[in-house]
1. Count the DSSP beta bridges whose two residues both fall in the chain, then state the antiparallel fraction as a percent rounded to the nearest 5.
2. Return one number: the angle in degrees, 0 to 90 and rounded to the nearest 10, between the long axis of the Cα atoms of helix 326-341 and the longest principal axis of the Cα atoms of the chain.
3. What does the C-alpha gyration tensor say about the overall shape of the stretch 154-213? Classify as rounded when a/c is under 1.5, otherwise prolate if a/b is larger than b/c, or oblate.
4. Show me the three semi-axes of the equivalent ellipsoid for the chain, from the C-alpha gyration tensor (sqrt of 5 times each eigenvalue), largest first, rounded to whole Å.
5. So for each of 340-346, 56-62, 258-264, 402-408 I average, over its residues, the number of other beta carbons within 10 Å; can you give me the resulting order with the highest mean first?
6. Sticking with the crude label model, points 7 Å out along Cα→Cβ, report the distance from residue 202 to residue 443 in nm, one decimal please.
7. For helix 36-45, report the angle its Cα long axis makes with the longest principal axis of the Cα atoms of the chain; keep it between 0 and 90° and round to the nearest 10°.
8. Rounding to the nearest 10 and keeping the result within 0 to 90°, find how far the Cα-based axis of helix 52-66 lies from the longest principal axis of the chain.
Amino acid sequence: MTAREESSSPRMQRSRKDALLNQMRGIDRKKPQVEAETVTLKRAAARFEDLAEYKQVQMQKLAGELVQIGNPFYRTHDVGAGATTEIDGRHLTNFASYDYLGTNQHPLVHAKVQEALARYGVSASASRLVAGERPIHQELEGRLAKIYGTEGAVVFVSGYLTNVTVIGGLMGQDDLVLHDELIHNSILTGVRLSGAARRFFRHNDMAHLQELLESFQGRFRRILVVAEGIYSMDGDVADLPGLVALRERYGFWLMLDEAHALGVLGETGRGTFEHFDIDPGQVDIWSGTLSKATSSCGGYIAGNEALISILKGTAGGFVYSVGLSPPLAAGAVASLDLVAQEPERITRLRRNGAQFLDGARKAGLNTGLSLGFSVIPVIVGDSMRAARLSNDLMAAGVNALPIIHPAVPEGQARLRFFITSEHTSDQIDEAVQLTAECLEKLVAANFGIASLDRQAMARLMSEMASDG
Ligand SMILES: Cc1ncc(COP(=O)(O)O)c(C=O)c1O
């Protein structure tokens, strides 16, 4: 048999095919098989129960038990939550849901969602690239592009995923991301995924950002600067004029996350650029979520044709993920329609935010940097005090959730109030008054980590020590 005949014989073809398949699967037959015993040992060493993260959660639980505070998280709402809600059969005033413009339960929104549901079903049932494209996706993207005056927009199944996949895909190892120190976790995760270098600038501090830009000039292939329109934990607004001026000078890509600003800032709710009367073309990447003022689910990017084409063709979270659920896309479109028809919703939201902020300040509450738009924190410092304050308020009829470390820096624990256009003036006054009263009692009792009695503290310390 000649070499040529041998290579084309069925036996030889099979062994070559096997070798090729093994190569593709990453299997090298020559490598010794890992002993089953070693695997068992490795399994035991990799128990989830032994992870530091699990111990951290357990410690938080224990600390809560020691000071006898019930867990304020994962409260189950029995109805659609807006300005009010129902939990455990109790009717409560609600400041924990970001349905800023009260569209979540509106009949016009429900009608459009039901129409999409009847027509397309619950799911897009495939990535849009293959079989998941529906007209409602294009309608929503057209609406978003119009808001920002951009050549295009693209929607993703989650706001969080949007930032992760967009930054993770666009940036690379030779690049630098500069972000505000209070930036959302989804941005940080995207940068980590991208492998780009990362530095933060002090919150809204343009002089610090400029210093960093000067020092990194010419050392990276590309620089992306990221800020948030309205900061999700603090409720203040990005210095967009300052960012745009620096972009002009240094030529970086500017990305603004409008999660909490769309529908909230600006005369017609178009967001931060409208608030500052700035040309939206000065921002390269507009990012946002559909879960807040448009009371749906999903995220979006608006930008020029090239950016949108790149994302639609290459972003993992778009190409390899199902298309946005058609009823959810319809819900977002309907919310945008409703707000366009009833701009007074934005006016009411603004009035309510101003009333809350003003009342809280007068009552001596620490509202930090908040400008009184959609997000108003009441900073109490101690995590346990924040959790207990939330529980005491709930007992008094108000639902507002604590935000504790690591979502905010240590010592900056707070209750975060989401304001909506649907809160009444009385609900706002009452919530502010109750918060001030409940907090005063906790302060008077010195309630918090510092108030743990000696025995409880010793137990906590010994648990911590035994957990390494
Ligand atoms: C600034 C910011 N960006 C992105 C997200 C993620 O959005 P979503 O919750 O819609 O996934 C959030 C969530 O609250 C946010 O606050």
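1. The antiparallel proportion sits near 55 percent.
2. 40
3. Because a/c hits 1.5 or more and a/b fails to exceed b/c, the stretch 154-213 counts as oblate.
4. 42, 32, 25
5. Highest to lowest by the protection proxy: 258-264, 402-408, 340-346, 56-62.
6. Here the modelled spin labels are 2.7 nm apart.
7. 20
8. 20
FYI, it's all coordinate maths here, none of it is from the lab. No experiment lies behind these values; they were computed from the predicted model shown. FYI the Cβ positions are ideal-geometry reconstructions off the backbone, even for glycines, and counts take in every protein chain you see.
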